[in-house]
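A short write-up of the structure that comes next.
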Amino acid sequence: MDLETKLFLIFGIPVVIGIIGILVFLFVGMPIRWLAFGYDMERTVWSKLDRAETSAEVETMLPLVDDAIKSLESKNQTTGYCTMFFKSENNSLTAQYQSLKNVQSRLKRTMDFEKNSPEYQQATDDIRGILRDMEYVDCWIIRSY
């Protein structure tokens, strides 16, 4: 066996196997992981919040936010962080849950306003802005407290 063949067997084959493994993970593993974990969160939580953001009236926003909160509670996504290291408000499930609870209480208070009043319009615009700027945090793999 010449030197080139030995080098290929030592270095080339593991590299090819590694590349194949990465491709299988990207094209098979990631879609399966998303279907198993991410799609359910997208369907039951995030799509409802997106819909609430575009709703015209508080009466249609509130049930959507309520459903999203109930879904987070049923999936036990209300406390902890989506990381083991570098914990911050950006990956805090507690902060996200508390923000949604604040939006919910604000929607309930806004229902008392006259619909044509500037207070009602300002409150609904503020709530839409909060929902629009909220980063969706959901833990698929890592979760720590």
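The values are calculated or read from the model by the stated rules, or taken from the named source; none is laboratory data. No experiment lies behind these values; they were computed from the predicted model shown. Every residue, glycine among them, receives a Cβ derived from its backbone with ideal geometry; neighbour counts consider all protein chains shown.
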**Request:** Would you confirm whether any residue within the stretch 79-102 is in contact (Cβ under 8 Å) with a residue 60 or more places away in the chain and of a type in the set (S, T, N, Q)?
**Result:** yes
**Complete:** Taking the stretch 47-88 and keeping only residues that are touching an Asp or Glu at 6+ places or on another chain (Cβ under 9 Å), at pLDDT below 85 and of a type in the set (D, E, K, R), one is left with K75
**Request:** List every residue pair whose Cβ atoms lie under 9 Å apart, where the two residues are 6 or more positions apart in sequence or sit on different chains, the first residue falls within the stretch 1-30 and is outside any helix (DSSP H, G or I), and the second residue, located anywhere, is not polar (S, T, N, Q).
**Result:** M1/L9
